[in-house]
Structure formats: C-alpha cells, structure tokens
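Read-outs throughout are calculated quantities, based only on the coordinates presented, and are distinct from any laboratory measurement. Note that this is a predicted model, so its numbers are computed, not measured. Neighbour counts run over all protein chains shown; Cβ positions are idealised from the backbone, glycine included.
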Amino acid sequence: MKKRIPAIVLVWLIIDLYFFNAVKTLTANIDVIWGYWLFDALLATSVLYSVMAQKMKYVSWLMALMLISFVPKLIGSVVLLLEDIPACSAVFRRVVTG
C-alpha cells in the first residue's frame, strides 16, 4: 500500500493540472485559484504524511476525500480532452501539409 500511494497522488496531480486549465479559463479570481491549489496541496501532503507515518486510519479518510475530488476532475478532463484532440489534429495537419 505504501508504494502505491505516491503513484496515485502523482496521477491525481496530473489530472488536477489538466483540469486547472478549465478553472483558469472560467475565472481570474485569485482567491478561487488559491483555494483550488490550497485544498489540493493540503490533501496531497496529508495523504503522503499519513502514509509515511503509517497512520492508516487517516489514510482511508484522506483517500476518500481524494476520490471525491478526483472523480469530477476526471470526468471534466475527459470532456476537455475530447475537445482538445480535434484541435491538436488540425494543428498537426496544418504543420504536416505546410
């Protein structure tokens, strides 16, 4: 379990970075942006600390919070990716054809 948690946190942060582009597009409010990253940073560091300190009672609660945070971002990222694929292929086609 201890070896898997850092990988799970890494995947969560990658999806989080991709989804943040949508948040940044929707708002320029610095408080929203700080709140977004503060929640994620606190959650990720809490999970990693609890795993390293072997406080498994807290890990299950924190992983549940991480899952609650992850699922909407994953669904939103899939929608964003479906939008980005045609745009990237059009750019690629223009570059290849000259």
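Summary of computed values
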quantity	calculated
Sorted by Cβ neighbour density within 10 Å, fewest at the top, the residues V51, V96	V96, V51
Cα-based Lys proximity count in the chain, under 15 Å, for pairs eight or more positions apart or on separate chains	4
From the coordinates shown, volume of the Cα convex hull per residue in Å³ corresponds to which of (i) 92; (ii) 117; (iii) 145	(ii)
Between helix 56-97 and the chain: long-axis angle, C-alpha atoms, 0 to 90°, nearest 10	10
Calculated FRET efficiency for the pair A90/S60, C-beta based, R₀ 41 Å, to 0.05	0.35
Value at 222 nm in deg cm²/dmol, rounded to 500, when DSSP H runs of n ≥ 4 in the chain each add -39,500 (n - 2.57)	-32500 deg cm²/dmol
